[in-house]
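First up is the structure itself, then whatever we jot down about it.
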């Protein structure tokens, strides 16, 4: 067996192969963890990951916590950089380039980095197991890879020798002024990048996504009502089941959630629009961010969204769908079954019939909602509110003047 050095370094051919394989596996796992992180925090319509198995084995739940980031950068992205650097150290021919010749002991650096990775693995294992109380399978795979790197780099060299070799290489590097630039420029870029990331927080999910999936910021922040449609222009109890003209030239499809603040603002604008613009009709589609009736939501960002949708559908049987829907939006922060029934009374709905219709038709209503969600998924809709005008979708609540102008332009086509 060939265990001789393949270059003027402390890495044998076996070391190189084994460490390279472990590093490549680490890169692939980190990429998958980045996908999990994005879906868990920024894509409410994403299906649960393959390692979200049950209440205890759940990579998604770990990704949703603040522990999944360090300095506002996902740990998976740090890991991607770590394993890529390990791979570089294991395969780069340092002895072939004059400037890199001081790096004659890459295995020593790999060993020292693996020690830090094991320490971090132990810390993260404690956090996931005893603080979050979840099992992250992909995380555990990385812990095993870190242990593999430790043993692969340790073999054949005493621990203290690794530190001596690394210190000697660092001393040799720092004696060459070219290395000051080679190390200083990337370090400066890294610091600037970290500062910008912590200012703009591109990897930090919105604060409103604390329960389950995150929702785009423009869709679940508290709306500024000064920019909404100017209030409900209808007298509640008079809207009925059709919003707009029955024989409309243009149909506007809305996908909303009754507990979404910006959906309430969007509803006000659509009510106003249906009064001011003739030849349009608004068709409602449910997209509740609630796992009870949305199969693509792993948690419940809005735990009363499905129940509210059931009652709106039941109100439709009494000819007051849009009246009920409007009241649900306007009372989004206080929704409970008791509150919904109180709202129904203000519309002179038959409350007993309403309750019976919900009880008798709940599964039918749920299936209708699932069909709406499936339509939304095919359209690439990931959050609420989203409206479709003609063949184009618009995500989030747009200013009323822009909405009206867009509708008028579509009517003229």
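Readers should treat all values here as calculations from the given coordinates under stated rules, not as data from a laboratory. Remember, it's a predicted structure, so these values are computed and weren't measured experimentally. Cβ sites come from the backbone with ideal geometry, for glycine too, and all protein chains shown count toward neighbours.
Listing for the model above:
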{"item": "Calculated over segment 1-142: convex hull of Cα atoms, volume per residue (Å³)", "result": "128 Å³"}
{"item": "Pairwise centroid distance, computed over Cα atoms, of segment 91-147 with segment 287-302, Å", "result": "37 Å"}
{"item": "Mean Cβ neighbour count within 10 Å, used as a protection proxy, ranking 381-392, 172-183 highest first", "result": "381-392, 172-183"}
{"item": "Convex hull volume of segment 81-203 per residue (C-alpha atoms, cubic angstrom)", "result": "135 Å³"}
{"item": "0 to 90° range, to nearest 10: angle between helix 13-42 axis and the chain longest Cα axis", "result": "20 degrees"}
{"item": "Angle between the chain longest axis and helix 261-276 axis [Cα atoms, degrees, rounded to 10]", "result": "40 degrees"}
{"item": "DSSP-defined beta bridges in the chain - what % are antiparallel, rounded to 5", "result": "65 percent"}
{"item": "With 10 Å bins from 0: P(r) over segment 261-413, alpha-carbon pairs, percent", "result": "10, 38, 36, 14, 1"}
{"item": "Protection-proxy order for peptides 327-336, 243-252, each taking the mean of Cβ atoms within 10 Å per residue, highest first", "result": "327-336, 243-252"}
{"item": "Nearest-0.05 FRET efficiency for residue 154 and residue 361, computed from C-beta distance (R0 60 Å)", "result": "0.35"}
{"item": "Computed over segment 217-412: relative contact order in percent, which uses C-alpha pairs under 8 Å that are six or more apart", "result": "29 percent"}
{"item": "For the chain: relative contact order, % (alpha-carbon pairs under 8 angstrom, 6 or more apart)", "result": "17 percent"}
{"item": "Degrees, to the nearest 10: 177-200 long Cα axis against longest axis of the chain", "result": "20 degrees"}
{"item": "√(5λ) per eigenvalue of the Cα gyration tensor, the chain, largest first, Å", "result": "58, 23, 16"}
